[in-house]
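What follows is one structure encoded as structure tokens, with my remarks underneath.
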Amino acid sequence: IRAPSLDRHAAAMLVWMAGCVFFLGLLLHRSGIVRRRVEQAQEAADELLHLLAACRRQMRLRAPVRLKLSDSSLSPAVCGLWRPVILLPRSLVDKLSALQLRAVVLHEMAHVQRGDVWVNYAQTLLQIVYWWHPLVWLANAYIRRVREEAVDERVMVALGRESDTYPSTLIEVAKHALARPLLSLGLVGILESKSSLKRRIHRLLQRQ
């Protein structure tokens, strides 16, 4: 008795399902990494909490936002769909000035205000379903780049006369974080890639 053979449509369906399972597993694995980093991070000191409260008022954000310090040398990022948490690397906090820290917190607060964590998850789920389509990958990369540029503009407006310090803040964050790139799909960070960062800084310098 001959074993039944798969036609090309069934074979394509199996390949698609295998790709979906792989990328979904990757999402769950990396989301677990995010959750563990948040659990291991420590609550920020009062000085940083006062800064967080001031930035929250300035951005007119009603939703509560927590701020925690991590021992990981990663980019500052925000995570959490229902309970947003801004995650800052402790070693970076010790290096930045008060004004630079304000710029970083404003950046992450702008992501919360815009609902970018939700959008990022929606993009990721869409990319899992259409993992085989190169245009989806290109579109998601473009959306992430435009998103960071929009947040940069929001931070520049919020900083007002002190906005000229923002490009140098991005450079300082890059020195600290780009050596260990962000690996988690559950985070929306201040840095995405070296190429996009270069474009953003060039764009901000031209704006001034």
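The values are calculated or read from the model by the stated rules, or taken from the named source; none is laboratory data. The shown structure was predicted, so the numbers you read here are calculated from the model rather than taken from an experiment. In this analysis, Cβ positions are derived from the backbone assuming ideal geometry, glycine residues included, and neighbour counts consider all displayed protein chains. Note: areas computed on protein heavy atoms with side chains; ligands, DNA, RNA excluded. Shrake-Rupley method; radii C 1.70, N 1.55, O 1.52, S 1.80 Å.
The figures follow:
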item: Subset of region 48-71 (residues that are in contact (Cβ under 8 Å) with a residue 60 or more places away in the chain and closer than 28 Å to residue 124 by Cα); result: 59
item: Among residues of region 48-71, those that are loosely packed, with under 11 Cβ neighbours inside 10 Å and assigned to a helix (DSSP H, G or I), counted; result: 1
item: Conditions (1) of a type in the set (A, V, I, L, M); (2) under 27 Å from residue 175 (Cα atoms); (3) open to solvent by 30 Å² or more (accessible area, probe 1.4 Å); number of the one not met by residue 14; result: (2)
item: Selected residue (criterion: most open to solvent (accessible area, probe 1.4 Å)) from residues of region 73-85 that are more than 17 Å from residue 169 (Cα to Cα) and in contact (Cβ under 8 Å) with a residue 12 or more places away in the chain; result: 83
item: Selection status of residue 103, loosely packed, with under 15 Cβ neighbours inside 10 Å, closer than 20 Å to residue 154 by Cα, out of contact with any Gly (no Cβ under 7 Å at 6 or more places or on another chain) and among the small types (Gly, Ala, Ser); result: no
item: Yes/no for residue 30 being outside any loop (DSSP other than H, G, I, E, B), under 24 Å from residue 172 (Cβ atoms), in contact (Cβ under 8 Å) with a residue 40 or more places away in the chain and open to solvent by 30 Å² or more (accessible area, probe 1.4 Å); result: no
